Amino acid sequence: SAVISQKPSRDICQRGTSLTIQCQVDSQVTMMFWYRQQPGQSLTLIATANQGSEATYESGFVIDKFPISRPNLTFSTLTVSNMSPEDSSIYLCSVRDRGNQPQHFGDGTRLSIL
Amino acid sequence: SQQGEEDPQALSIQEGENATMNCSYKTSINNLQWYRQNSGRGLVHLILIRSNEREKHSGRLRVTLDTSKKSSSLLITASRAADTASYFCATDGGFNNDMRFGAGTRLTVKP
């Protein structure tokens, strides 16, 4: 399976600042996704990162707050903008090559906002 | 939005016992996947079962799928303390084939 490297693994940020999370995959993958996991909760899909075009966002998530880039088939970034304490979560990058293949996850970025 | 629901929400058993977790979902699927998450860590993929399959095994894990009831179960046999984790089921169904997750079952295996 693909090896997914996510950076940073954790960070503590000040309210109002922004943080960019990087996701690097060791092989080309068709699909890349970003999820959020709030404390004690399950995973919620933020958006699908589309190569060379704008990401597809789920209801409740907007590009201004969570801009996403995907310049190629192995790399994507998620920015959490103008952070507030409610953004304290684990953010996970996930990849999948084809529809009936397993979907794999990075180790996540644990983000705390003070 | 979340697709499915797991039950129980929490399960506590003794080492050596079997653990069964159930997952229900709402819409038609192509496949269903089970994951394990140790506290504060990323998700580990356990098993993928396709909609035309009824049962799959992997080591001490057994997954069943009943598409008529829109439900799946994960059985862990001869549990170990190291199996202590949260277990999630996820189904595809989004436009982009993304996976949607249930609420998860928190399994505690006591030594």
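The values are calculated or read from the model by the stated rules, or taken from the named source; none is laboratory data. Remember, it's a predicted structure, so these values are computed and weren't measured experimentally. So basically every Cβ, Gly included, is an ideal-geometry build from the backbone, and we count neighbours across all protein chains shown. Surface areas here come from the heavy atoms of the whole protein model, side chains and all, with no ligands, DNA or RNA. Shrake-Rupley method; radii C 1.70, N 1.55, O 1.52, S 1.80 Å.
Each Cα pair under 8 Å and six or more residues apart adds its separation to the average, and for segment A:20-97 the resulting relative contact order is 41 percent. Between residue A:81 and residue B:61, what FRET efficiency comes out of the Förster formula 1/(1 + (r/R0)^6) with R0 = 41 Å and r the beta carbon distance, rounded to 0.05? Efficiency, rounded to the nearest 0.05: 0.55. Heavy atoms of the protein chains alone define the surface here; on that basis segment B:28-110 has 42 Å² accessible area per residue at 1.4 Å probe size. Based on Cα contacts under 8 Å between residues 6+ apart, segment A:44-84 shows a relative contact order of 33 percent.
Accessible surface buried at the A:B interface totals approximately 1800 Å², computed with a 1.4 Å probe on protein heavy atoms. With protein chains left intact and a 1.4 Å probe, residues in segment A:20-97 average 40 Å² of accessible area per residue. Across q = 0.10, 0.21 Å⁻¹, segment B:23-111 modelled as identical point scatterers on its alpha-carbon atoms has Debye log10 I(q)/I(0) values of -0.25, -1.02, in the order of the q list. Measuring r between the beta carbons of residue B:39 and residue A:10 and using R0 = 22 Å, the FRET efficiency lands at 0.95. Here the simple spin-label model places points 7 Å from the Cα toward Cβ, and for residue B:75 and residue B:51 these points are separated by 2.6 nm.
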